[in-house]
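These notes concern the structure reproduced below.
The values are calculated or read from the model by the stated rules, or taken from the named source; none is laboratory data. Just so it is clear, the model here is predicted, and its values are computed rather than measured. Positions of Cβ are generated from backbone atoms using ideal geometry, with glycine treated the same way; all protein chains shown enter the neighbour counts. SASA here: full protein model, heavy atoms, side chains in, ligands and nucleic acids out. Shrake-Rupley method; radii C 1.70, N 1.55, O 1.52, S 1.80 Å.
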Amino acid sequence: MHIASLPGPYGIGTLGQSAKDFVDFLDHCGCAYWQILPLGPIDGFNSPYQSLSAFAGNPYFIDPDALHTAGLLTEQEIADARYDGSPWATAYNWIKDTRPALFHKAFSRVDTALQQKIDAFTANQPWLEDYALYTAIAKDFGIACWADWPNKTLRKRDPKTLDTIKEKLADAIAYEIFLQYLFFTQWQDIKSYANQKGIAIIGDMPIYVALGSADVWAHPELFDLDQNGRPRRVAGVPPDYFSETGQLWGNPLYDWPAMKKNRYRWWLDRLGMALTLFDTVRID
């Protein structure tokens, strides 16, 4: 059961009461595990398997009711955020059109005490600065994949250019960090609730990451790319009973010799993060 599929009033499943209700259902049924799909931000086709980040969480899972409880949204604002359609439907287009405005209202009410908590969270997430910067730039350009950005120095991560864009997009970067703080705080509450009921979470980790991701942009040396940042080879599968012609996923392949030189640090960090989010991990 993926989070997005949980029923609720907000057009998508959230890390709120519906998630706890599902945990209660599993407990009542005598289940010991809850397996979910990847939790990362979705791509333009609403898939979590081509995510902007191998580390970040999907902000659309943030529960508006919890933001109201925290004093970040008013009762009227969360009432206006409710979806008029079926509670059993995932309304991705509606979510994408309406949720950012709601989250920006919450962001505008961050006070000193909450900012200190966000800063403490950020200090313990070494991937977060690159992710927030990448997401802010992608939204500013309106272009998700860094390899398509018109500014070559940004594609190449020129330090002076990065300093300039960080200053220009400082508020947008802070907003993305705020969303990740909310996501991880709410997710840990759900995981703790499940674990207290004796239910373990099985996470899902795609073995490959998307070319248009903060991971590849921040660490191009770890992937098999040409001088223009394009994959020399891409991932896929040969013909099988799912598809007579096979599947072309398009993910860049890893440069394993380069990864070996730094003792697979990126993979260790990724697995370390996964094992803080889940009790066990499925790599596919």
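Remarks
- Rounded to the nearest 20 debye, dipole of the chain from Cβ charges on Lys, Arg, Asp, Glu: 820
- Relative to its Kirkwood radius, the Cα radius of gyration of the stretch 56-102 gives an Rg/Rh of 0.95.
- Accessible surface computed residue by residue for the stretch 184-284, with neighbouring protein chains in place and a 1.4 Å probe, gives 55 Å² per residue.
- Given Lys152/Lys191; Lys96/Lys166; Lys96/Lys168; Lys152/Lys261; Lys152/Lys260, the pairs whose alpha carbons are separated by over 32 Å: Lys152/Lys191
- Solvent-free Debye scattering, log10 I(q)/I(0), computed from the Cα coordinates of the stretch 198-271 at q = 0.14, 0.18, 0.23, 0.25 Å⁻¹: -0.56, -0.81, -1.07, -1.16
- Counted over the chain, the DSSP beta bridges are approximately 40% antiparallel.
- Check: the stretch 104-240 dipole with +1 on Lys, Arg Cβ and -1 on Asp, Glu Cβ, in debye: 140
- Largest-first principal axis extents, alpha carbons of the stretch 228-280, Å: 38, 35, 17
- Spread of Cα-to-Cα distances over 10 Å intervals beginning at zero, given as percent, for the chain: 6, 26, 34, 24, 8, 1
- Packing rank of 203-215, 115-127, 165-177, where each peptide gets the mean count of other beta carbons within 10 Å, highest leading: 203-215, 165-177, 115-127
- The orientation-averaged shadow of the Cα convex hull for the stretch 1-57, equal to a quarter of the hull surface, comes to 4.4 nm².
- Close amide H contacts of Leu225 (hydrogens built in the peptide plane, cut-off under 5 Å, sequence separation of 5 or more or a different chain): Arg232.
- Peptides 186-193, 150-157 ordered by average Cβ neighbours within 10 Å, highest first: 186-193, 150-157
- The radius of gyration of the Cα set in the stretch 89-219, together with its Dmax, comes out at 16.8, 51 angstrom.
- Relative contact order for the stretch 101-175: 30 percent, from Cα pairs under 8 Å spaced at least 6 residues apart, divided by residue count.
- Bins of 5 Å from zero: percent of alpha-carbon pairs in the stretch 212-252: 6, 21, 25, 17, 11, 10, 8, 1
- Computed over the stretch 1-147, Cα set: Rg, Dmax in Å: 16.3, 49
- Length-normalised contact order of the chain in % [C-alpha pairs under 8 Å, at least 6 apart]: 22
- Per residue of the chain, the DSSP helices (runs of n ≥ 4 H) give a summed -39500 (n - 2.57) that works out to -14000 deg cm²/dmol at 222 nm.
- Heavy-atom surface of the stretch 56-150, accessible at 1.4 Å and reported per residue (Å²): 51
- Between Ala89, Ala194, Ala258, the Gaussian network model of the chain with springs among Cα atoms under 10 angstrom shows the greatest mean-square fluctuation at Ala258.
- The alpha carbon gyration tensor of the stretch 132-284 gives principal lengths a ≥ b ≥ c with a/c of 1.5 or higher and a/b no greater than b/c, which makes the shape oblate.
- Surface share of carbon and sulfur [accessible, 1.4 angstrom probe, percent] for the chain: 54
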